[in-house]
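Asks: This structure is in structure tokens; I'll ask about it shortly.
No value in this document is a laboratory result; all are computed from the given coordinates. Not measured: the values here are computed from a predicted model. Every residue, glycine among them, receives a Cβ derived from its backbone with ideal geometry; neighbour counts consider all protein chains shown.
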Amino acid sequence: MARFGLTEFTNTRARNLSGGNKRKLSCAMSMLGNPKVMFVDEASAGVDPISRRTMWKGMRFESINSALILTTHTLEEVEALASKIGIMVSGHLKCYGTLQQIQTDYGSGFEIEINLNLAELDEHLEDIDSDKRISSDY
């Protein structure tokens, strides 16, 4: 309970906990008995940043002698918990390795492709007051 920041809720029924504390409790319960393998799905989704880090710290400590298999959409969570990473796209494993290996092989940073209908965009820009527009010249 202490590792997951739940000591103040020792005498509180689970149904009366907030959503974030229910997630922390569920995660803590999954680690009872020191399982050899733990499957965790989006454990910190919807949890505030401070509680999220407390959860990750507890998960790191509890998974020292276990394999932690985690699904997540956040790179921050991956960096905090994973020693090996597998990235899936449309149900197919696209790459597997350490964060360093994946960054070396696939690059670091983002590539964004934006398709705009400039004529339509130009029409809508006329509706916005010029003093409320943000522009920057590079």
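Asks: Looking at the chain, what % of its DSSP beta bridges pair antiparallel, to the nearest 5?
Replies: About 50 percent, rounded to the nearest 5.
Asks: Between I64, I102, I128, where does the largest GNM mean-square fluctuation fall for the chain, given springs only between Cα atoms within less than 10 Å?
Replies: Of I64, I102, I128, the Gaussian network model singles out I128 as fluctuating most.
Asks: Now a separate question. Classify the range 1-79 as rounded, prolate or oblate from the Cα gyration tensor: take a ≥ b ≥ c as the square roots of its eigenvalues, call it rounded if a/c is under 1.5, otherwise prolate when a/b beats b/c and oblate if not.
Replies: oblate
Asks: Return a single number: how many Lys pairs in the chain, at a sequence separation of 8 or more or on separate chains, have alpha-carbon atoms below 30 angstrom apart.
Replies: Taking the chain as the scope, the lysine pair count is 12.
Asks: Rounded to the nearest 10 degrees, what's the angle between the helix 49-62 long axis and the longest principal axis of the chain, both from Cα atoms, 0 to 90?
Replies: It is inclined by approximately 40 degrees.
Asks: What are the residues whose amide H is under 5 Å from the amide H of M38, where those residues sit 5 or more places off or on another chain and H is modelled from the backbone?
Replies: A67, L68, I69
Asks: Something else: Between S18, S51, S90, which gets the highest mean-square fluctuation from a Gaussian network model of the chain, Cα cutoff 10 Å?
Replies: S90
Asks: Okay, moving on. Using only alpha carbon pairs under 8 Å that are at least six residues apart, calculate the relative contact order of the range 1-133 and give it in whole percent.
Replies: For the range 1-133, the relative contact order is 18 percent.
Asks: Hey, can you grab everything whose amide H is under 5 Å from the amide H of M31? Only 5+ residues off in sequence or another chain; H modelled, so Pro and N-termini drop out.
Replies: Under 5 Å from the amide H of M31: no residue qualifies.
Asks: What does the highest-first list of 33-45, 4-16, 113-125 look like by mean Cβ count within 10 Å?
Replies: Going from most to least packed, we get 33-45, 4-16, 113-125.
Asks: Please list, short to long, the whole-number percent of alpha-carbon pairs of the chain in consecutive 5 angstrom bins beginning at zero.
Replies: 2, 8, 14, 16, 12, 10, 8, 8, 8, 7, 5, 2, 0
Asks: Can I ask one more? Out of residues 5 or more away from C95 or on other chains, whose amide H comes under 5 Å of its own, with H placed 1.01 Å from N in the peptide plane?
Replies: Here I87 satisfy the definition.
Asks: Applying the Karplus parametrisation 6.51 cos²θ - 1.76 cosθ + 1.60 with θ = phi - 60° to the phi angles of the range 28-45, what ³J(HN,Hα) value in whole Hz is obtained for each residue in order, glycine and proline being reported as x?
Replies: 4, 5, 5, 9, 5, x, 6, x, 6, 10, 10, 9, 10, 10, 6, 4, 9, 5
Asks: If I stretch the segment between K22 and F61 completely, what's the gain in nm (0.36 nm per residue apart, minus their alpha carbon distance), one decimal?
Replies: 12.1 nm
Asks: Which residue fluctuates most in the GNM of the chain (Cα springs below 10 Å): I112, I69, I50?
Replies: I112
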